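Where a number appears in this text, it was derived from the coordinates with a stated rule and is not lab data. Everything numeric here is computed off the predicted structure, so don't read it as measured data. For neighbour counting, all protein chains shown are included, and Cβ atoms are generated from backbone atoms with ideal geometry for every residue, glycine included.
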Amino acid sequence: MLEKLRLVWESLPLLLQGAIVTLELTVSLLLVGLVLGVLVALGQVYGPRPLAMLMSAYERFFRAMPILVLLIVVNFGLAFVANTYQWDWLRLPTFAVAVLVFGLHSSAYQSQIFRGAIQAIKPGQLLAARALGMTRLQAIRYITLPQALRLAIPGWSNEYSGVLKDTSFAFAIGVTELARQGWQIATRTREMFLIFITVALIYLVLTYLGTWLLELVERRVSVPGLAGQRREEHGRVI
Amino acid sequence: MRVSVRWAVVVSVLALVLGVGGLVPQAQTQTFRVCSDIAWPPFEWVDAKGEFVGFDLDVMRIIAILKGYKITIQNLGFDSIIPAVQAGQCDIGASGFTITEERKRVVDFSDPYWESNQSVLVRADSGLNIITAFRPGNKIGAQRGTTGAAWVEDNVIKQGIAVELKLYETYPLAEQDLINKQIHAVVEDEPAAKVAVKASKGVLKIAGIIMTEEQFGFLVRKGDPHRLLPRINDGMKEMKKKGIWNNLVEAYFGVDVNLERITQCWADLKGWLDKNQPEAYAENLAACMAGESYKKP
């Protein structure tokens, strides 16, 4: 028993090293997905018809792709093109390729979180903003987005816990993240069960910490009186 | 104020996004990328301190010293290595690759550096031998994309013996399933099978050896664009002539395959490689692994 605990203890530095890679990848991909996802959602809701259709096609394409297939096609595809045409600038480090692929994939999912949130804002508010003399862009920027982004936080925290675990696919192109570190230690020590229980616990902690942090943000930025924001208010009504 | 804070966030997001893309490695002509699936002791594995160790990797490091170029080692899944070499993402594949006609069509191989046979691993208490292990209906485990898996396909299943071939991500997982009585046998290369038997503390045994006489080679992109194969082949000859080769073989494939011991030996001795003295490194590594006295750099 003591020997097993010691093994877990000795494996922790490497596992935490992997956990840091997992976190770096998760945070970067979420930010890429956030920027693209908001743009796609805005295009879908407010864009002219052709743009809205284009955005929907984008969203459907990336939601249809299994992440592993996308990773392999983009990674080896880019390298192949770089090699064929001698374009050295196209030789991205594997971590960057992973961020790009996961980011595109996540942006498709995130766009739907944001689209739902944007559509939850009553169009009357936009009319009122236009009546006050705001331009279309100003109305979106100062009226819709500030509310919609707040409404999107619960759905977004779901996306966080989803992609956190998806990142374990990144080893297919050579990013040594948490799950792979676990593999490597299990290969050497032959203690599969013990090591993977530890890996599972680390994933649990990462998920818990992330969603807790987002809840904190949600409470911090909540607007008093904005419907559906607070658990307490819901509880009071019913 | 609020607005500027928000824009600061947006700007930093963009900086991060662009910054990640900006980390393009500089093209240095004399650094080559060696790709390996570092999860197959004793050819390559990650030691307790996170260092990449193993026979293949040491050979790569020493040839680089002898031939005056630098290498970086990239850890990549076994299935992905040949596509990565073809795409130019890796310059050399060093992961215990058997030289096969099929692989030769898409990559070029160095001279063979190792001869291996497939061994049949079974549980010691199962009573199975090399014939009964392949009884119809039995489940046989192997790692995806390996010659062990191909052997079962070609010489058992295609010959009409209806065993069930179960493919795994890595061999240690197949061995674990064998210990757990989920499958009847595992077919894998002999040196790795010996490591598995030792690690299982008597639960597993080698039921027999299939003399496939496979030869391992290092592989590069078709056409060898960097002219690496002559350097690798010449480097191996030089290693043999200087006695480095024998010492490495003794260190990694000696009677007592001890994966824990190498962590200590490697930490003590890798300085010899940094000092470009592979002879001293190999000699002391063999001594250290054999439990004899050795000299630190």
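Tabulated results
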| item | result |
| --- | --- |
| Note, ³J(HN,Hα) from phi for region B:48-56, Karplus 6.51, -1.76, 1.60, rounded to Hz, x at Gly and Pro | 5, 9, x, 7, 7, 10, x, 4, 4 |
| Set of aspartates and glutamates with alpha-carbon distance to residue B:241 below 14 Å, sequence-local pairs under 8 removed | B:279, B:283 |
| Simple label model, 7 Å out from Cα along Cβ direction - residue A:216 to residue A:84, nm | 4.9 |
| Hits among lysines - C-alpha to C-alpha of residue B:205 under 27 Å, sequence gap 8 or more where chains match | A:4, B:139, B:158, B:166, B:181, B:194 |
| Residues listed by number, region B:122-146, amide nitrogen under 15 Å from residue B:165 label point at 7 Å toward C-beta | B:134, B:137-146 |
| Separation of alpha-carbon centers, region A:64-115 and region B:112-139, rounded to whole Å | 41 |
| Degrees separating the helix A:2-46 axis from the principal Cα axis of chain A, which is the longest one | 30 |
| For region B:25-86, the spread of Cα positions along each principal axis, largest first, Å | 30, 27, 18 |
| Inter-part distance where region A:125-177 and region B:189-231 are each reduced to a Cα centre, Å | 50 |
| Equivalent-ellipsoid semi-axes of region A:60-136, from the Cα gyration tensor, Å, largest first | 40, 16, 9 |
| Only Lys, Arg (+1) and Asp, Glu (-1) charged, at Cβ; the protein assembly as shown dipole about Cα centre in debye | 2240 |
| Two-decimal ratio, region B:234-297, of alpha-carbon radius of gyration to 2.2 N^0.38 Å | 1.05 |
| Rough spin-label spacing in nm, given labels placed 7 Å along Cα→Cβ, for residue A:57 and residue A:137 | 2.6 |
| Sequence ranges A:179-191, B:156-168, ranked by mean other-Cβ count within 10 angstrom, highest first | A:179-191, B:156-168 |
| Residue-by-residue Karplus 3J(HN,Hα) for region B:98-114, coefficients 6.51, -1.76, 1.60, Hz, glycine and proline x | 6, 6, 10, 4, 4, 5, 5, 5, 10, 9, 9, 10, 6, 4, x, 10, 7 |
| Test item: B:73-82 mean partner chain Cβ contacts at 10 Å | 3 |
| Whole-Hz couplings from phi, Karplus 6.51/-1.76/1.60, listed for region B:188-198; x for Gly and Pro | 8, 4, 4, x, 5, 5, 5, 4, 5, 4, 5 |
| Net dipole in debye of chain B [+1 Lys, Arg Cβ; -1 Asp, Glu Cβ; about Cα centre; nearest 20] | 780 |
| Projected area, mean over directions - region A:2-237, Cα convex hull, nm² | 17.9 |
| Folded to 0 to 90 degrees: helix A:67-85 orientation relative to chain A principal axis, Cα | 80 |
| Peptide-level mean, for A:200-206, of C-beta atoms on other protein chains within 10 Å | 0 |
| Förster radius 51 Å - calculated FRET efficiency between residue B:234 and residue A:12 (Cβ-Cβ, nearest 0.05) | 0.70 |
| C-alpha long axis of helix B:228-241 to longest principal axis of chain B, angle in ° | 60 |
| Amide H contacts under 5 Å for residue B:204, placed H, 5+ residues apart | B:124 |
| Label-to-label distance, nm, for residues given as residue B:111 and residue A:24 (7 Å Cα→Cβ offset) | 4.1 |
| Selected from A:116, A:58, A:138, residue furthest toward positive end of dipole (region A:2-237; charges at beta carbon) | A:138 |
| Amide H contacts of residue B:43 (H built 1.01 Å from N, under 5 Å, at least 5 apart or other chain) | B:55 |
| Chain B: antiparallel DSSP beta bridges as a percent of all, rounded to 5 | 60 |
| Mean shadow area of the protein assembly as shown over all directions, Cα convex hull, nm² | 32.1 |
| Of A:211, A:126, B:36, farthest towards positive along the dipole that unit charges on Lys, Arg, Asp, Glu beta carbons give the protein assembly as shown | A:126 |
| Compactness index (Cα Rg / 2.2 N^0.38 Å), chain B | 1.15 |
| Cα-centre dipole for region B:158-297 with unit charges at Cβ (Lys and Arg positive, Asp and Glu negative), debye to 20 | 300 |
| Per chain B, cysteines lacking a partner by the 4.7 Å Cβ criterion | none |
| Average beta carbon contacts from partner chains per residue of B:86-96, 10 Å cutoff | 3 |
| Computed FRET value (nearest 0.05) for residue B:203 with residue A:196, which takes r as the C-beta separation and R₀ as 22 Å | 0.65 |
| Listed residues A:101, A:147, A:90: farthest to the positive end of the dipole of chain A (Cβ charges) | A:147 |
